[in-house]
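Structure, as structure tokens:
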Amino acid sequence: MFLAGLEMDMGGLKKNRNSVIVFGMLTFIIPFAMTYFMGISLLGYLPLASLLLSAIMASNTLIAYPIGGRYGLTRHTSSTLSVGSSMIALFMALIVMASIVNSFHGNGGIVFWLLFILRFVAYCVGLIMVIPRVTRWFLRRYSDAVMQFIFILAIVFLSAALSDAVGLEGIFGAFLSGLILNRFVPRVSPLMNRIEFTGALFIPYFLIGVGMLINIRLLFVGSRILWVVFCIVLFGTLGKALAAYVAARLFRMSWLSGHMMFGLTSAHAAGAIAMVMVGRRLEITPGKYLFGDEVLNGIVIMILFTCVISSIITERAAQRLRLQEKE
């Protein structure tokens, strides 16, 4: 998420801001509505559990973004729309999660939302005001590439920790810090090479960690878990696909751009894990939680499936887009 913000075409974002907002709303609302009704009607979950599951499937993580970068398509319109819409969808999903958590704790009134908005605004303004000044001073004072790399990582982790303290997940802070640092890190530089190499290491290690969360025994106890995985993957992915292709037609873009947008916005990773862990801590009755092992296993397997689907579709779309541009 940090890399996506760091490499984003800010000029393209400003130029297409209305399209980004529209696609962001579509890629959140369509899978959210489809997953909510699926959770209640097909899986028989409680409304609050279905609501949190819908927020998980409405958000997405830009796992396949480095593939677009490998083909030199980070400044393509489809990439710009996908990155901007991912931020909107993630933010809205985190808002839904925060409202569910605070409804459990009895803090969902007007006072809570006023304090949340004040904390969020103070957080954003603080980062936007402080990070550019500190970064400009540091990069002028220290020219060593290793020192600069450590400084950038410190900014990322500090932003993520502060985001978590505000009530949002750390990945939102990482993305926001990437947008702020966008103009300070040259696209072709030793510093960018180090950051991209580190990003390439994080993704496979994350997937190894996700695989270790699965309770293998549950996979062999009845067919319920397979039904849960099938429903979650089908409706979540179908919702993201509908949003991408509807947006492509609305903006009069090619079907190939629609494929690219679908590929980039269909993967779920860190945000899904963070939200499902929140659901496992919300106690409905003594000893019974909003999300059990069944949902955790279903979400973890869904992450593996959607990461594979996203990578394959993005790879093929990026290849064809690149060939089309060359022709």
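The values are calculated or read from the model by the stated rules, or taken from the named source; none is laboratory data. It should be emphasised that the depicted structure is a prediction, and the values quoted were computed from it without experimental measurement. For neighbour counting, all protein chains shown are included, and Cβ atoms are generated from backbone atoms with ideal geometry for every residue, glycine included. Surface areas here come from the heavy atoms of the whole protein model, side chains and all, with no ligands, DNA or RNA. Shrake-Rupley method; radii C 1.70, N 1.55, O 1.52, S 1.80 Å.
Key figures for this structure:
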read-out	value
Qualifying position, being outside any helix (DSSP H, G or I) and within 20 Å of TYR45 (Cβ to Cβ), among PHE235, PHE291, PHE230	PHE291
Residue ID - nearest to ILE100 (Cα to Cα), chosen from residues in the stretch 126-142 that are touching a residue at least 24 places away in the same chain (Cβ under 8 Å) and surrounded by 16 or more Cβ atoms within 10 Å (Cβ to Cβ)	LEU127
Among residues of the stretch 143-165, those that are under 21 Å from VAL121 (Cα atoms), open to solvent by less than 30 Å² (accessible area, probe 1.4 Å) and either out of contact with any helix residue (DSSP H, G or I) (no Cβ under 8 Å at 6 or more places or on another chain) or among the β-branched types (Val, Ile, Thr) (or both), counted	2
Filtered residues of the stretch 193-218 (kept if farther than 22 Å from ALA267 by Cβ, touching a residue at least 12 places away in the same chain (Cβ under 8 Å) and of a type in the set (A, V, I, L, M))	LEU218
Any hit, the stretch 78-85, residues being open to solvent by less than 40 Å² (accessible area, probe 1.4 Å), aliphatic (A, V, I, L, M) and under 17 Å from GLU7 (Cβ atoms)	yes
Residue that is farthest from ARG133 (Cα to Cα), among those in the stretch 166-200 that are open to solvent by 40 Å² or more (accessible area, probe 1.4 Å) and modelled with pLDDT of 80 or more	PHE197
Leading residue by the ranking (nearest to the chain's Cα centre (by Cα)) among those in the stretch 266-317 that are among the aromatic types (Phe, Trp, Tyr) and open to solvent by 10 Å² or more (accessible area, probe 1.4 Å)	PHE305
